[in-house]
Amino acid sequence: MSAEKKPQKMSVTRLQAMKQAGEKIACLTAYDASFAKILDQAGVDLVLVGDSLGMVIQGHETTLPVTMDETVYHAQAVRRGLSQALLVVDLPFMSYVDPMTALHNAGRLLKESGAQMVKLEGGASQVQTLQLLARNGIPVCAHLGLQPQAVHKLGGYRLQGKDDQSAAILLKDAVLLAEAGADLLILECVPELLASEITANVDIPVIGIGAGVGCDGQILVLYDLLGLSHNAPRFSKNFLLGHDSIQAAIAAYVAAVKASSFPAPEQVLA
Ligand code: KIV
C-alpha cells in the first residue's frame, strides 16, 4: 500500500482555515479543460471561470456581452480538468439583477457546470441577493473595487477607493457583504493599504488583483500571466518570461503568491 498522502481537495472551509493560518491562497482564471488541468496540477487553490472570457477568449472590449449559456459551456469544460482546486464561476452581466434571478442563475451554474461557488460584483445593493443565495446553500464570492461589469458607469478601468470617502464606503461594503453571507471577497484595483485594512476587518478570505500583497491571496487572468494579452494591466506579471514551459510559469506564480513575493512593489498601483 502506498504511504503517499493525497492532496486535500479544496473547499470553502479549507479556504477559511488558510486565512486563519496565514497561508496564502493562489488563484487563477481558466476557460478550458487543458489549462484547468495544468493549473490544478501546479497547486492552484482556486480556479475562476471569469467573465474576462468575453475579452481574452471572445475578443470583446468588455465583459458585458458574455451570456449564461457561454458561461455554463466554459465552466463545464474547466470542471473536467480539475480534481483538487475549487471551481468558482462568474455570474455574467444582467444575470443577477434581482435576488430571484440570481438564485435561478446561480443554481443553474451549480447544477449544470459543477461550480462550487458563484461570483458577483457589487456592494451594499447585493446584500439581499447574498442572503438568499446563502439560505439556499450557494457559496458566493463577492467582488468590490473595480467592477468590470460597471465599466461604463465607472468611466474606465481605474484604481478605486483613492479618496477617504470612497475608501470608507469600500470598507463598509466589505463588512456588509461578509455579514450577509459572502464566503470570499475579490478586491480589484484598490490601494494596497486599504486592501490590507479590509483584509484585517473581515472574517472571510480576501483575494486581491491589483490590490497589493496584504490580501489573503492573489488572482490573475491566466492570459495576462502568460503574456498573451494585448493590454495586460500594470499590476500583472508575465511569468512565462524566464521559464521554459507554461507548467513552470504557473508553478512560479503559485510559489510567488505563497511566499508573498507577488505582487512586488512594481506591481502595486498608487
Ligand atoms: O472575470 C474575471 O476574470 C475576474 C477576475 C479578474 C477577478 O473577475
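Before moving on, here are some points about what is shown:
- Listed peptides 101-107, 144-150 appear in the order 144-150, 101-107 once ranked by packing, highest mean of other Cβ atoms within 10 Å at the front.
- HIS60 accessible area, 1.4 Å probe, all protein chains in place, Å² to nearest 10: 80
- Distance violations [Cα-Cα > 27 Å] among LYS37/LYS119; LYS24/LYS153; LYS19/LYS172; LYS37/LYS258; LYS9/LYS111: LYS24/LYS153
- Rg/Rg_ref, the range 122-270, where Rg_ref = 2.2 N^0.38 Å and atoms are Cα: 1.07
- Approximate spin-label separation ASN201-ASP244, in nm, with each point projected 7 Å along Cα-to-Cβ: 4.9
- Residues in the range 47-63 carry Karplus couplings, in order, of 10, 10, 7, x, 6, 4, 4, x, 8, 7, 9, 8, x, 6, 7, 9, 8 Hz; the curve used is 6.51 cos²θ - 1.76 cosθ + 1.60 with θ = phi - 60°, and Gly or Pro positions show x.
- Label-reachable residues, the range 229-262, where backbone N falls under 15 Å from a point 7 Å from GLU61's Cα toward its Cβ: 231
- Sorting the segments 51-59, 153-161 by their mean number of nearby beta carbons within 10 angstrom, highest to lowest, gives 51-59, 153-161.
- Heavy-atom SASA rank of VAL97, VAL213 (probe 1.4 Å, accessible area, largest first): VAL97, VAL213
- For LEU86, distant residues with modelled amide H under 5 Å away: MET10, LEU46, VAL47
- Pairwise label distance in nanometres, ALA124 with GLU266, each label 7 Å out on the Cα-Cβ vector: 4.1
- Accessible surface area normalised per residue over the chain is 45 Å², counting heavy atoms of protein chains with a 1.4 Å rolling probe.
- Inter-probe distance in nm under a simple model that places probes 7 Å from Cα toward Cβ, at SER166 and ALA33: 4.3
- Among 16-24, 119-127, 35-43, sorting by the average number of other beta carbon atoms lying within 10 angstrom of each residue, highest first, gives 35-43, 119-127, 16-24.
- Taking other residues whose beta carbon is less than 11 angstrom from the beta carbon of GLU112, and scoring Lys, Arg as +1 and Asp, Glu as -1, yields +2.
- The calculated FRET efficiency for the pair THR13 and ALA134, based on their C-beta separation and a Förster distance of 25 Å, comes to about 0.95.
- Rounded, prolate or oblate (a/c below 1.5 giving rounded, otherwise prolate when a/b exceeds b/c) for the chain by Cα gyration tensor: rounded
- MRE, 222 nm, helices only [DSSP H, n ≥ 4, -39500 (n - 2.57), over the chain, to nearest 500]: -12000 deg cm²/dmol
- Long-range amide H partners of ALA30 with built H, under 5 Å: LEU48, VAL49, GLY50
- Solvent-accessible area assigned to carbon and sulfur over the range 28-119 amounts to 55 percent, based on a 1.4 Å probe.
The values are calculated or read from the model by the stated rules, or taken from the named source; none is laboratory data. Because the structure is a prediction, the values reported are computed rather than measured. Cβ coordinates were reconstructed from backbone atoms using ideal geometry, including for glycine residues, and neighbour counts include every protein chain displayed. Each accessible area value is taken on the protein alone, full model and side chains, heavy atoms only, with ligands, DNA and RNA left out. Shrake-Rupley method; radii C 1.70, N 1.55, O 1.52, S 1.80 Å.
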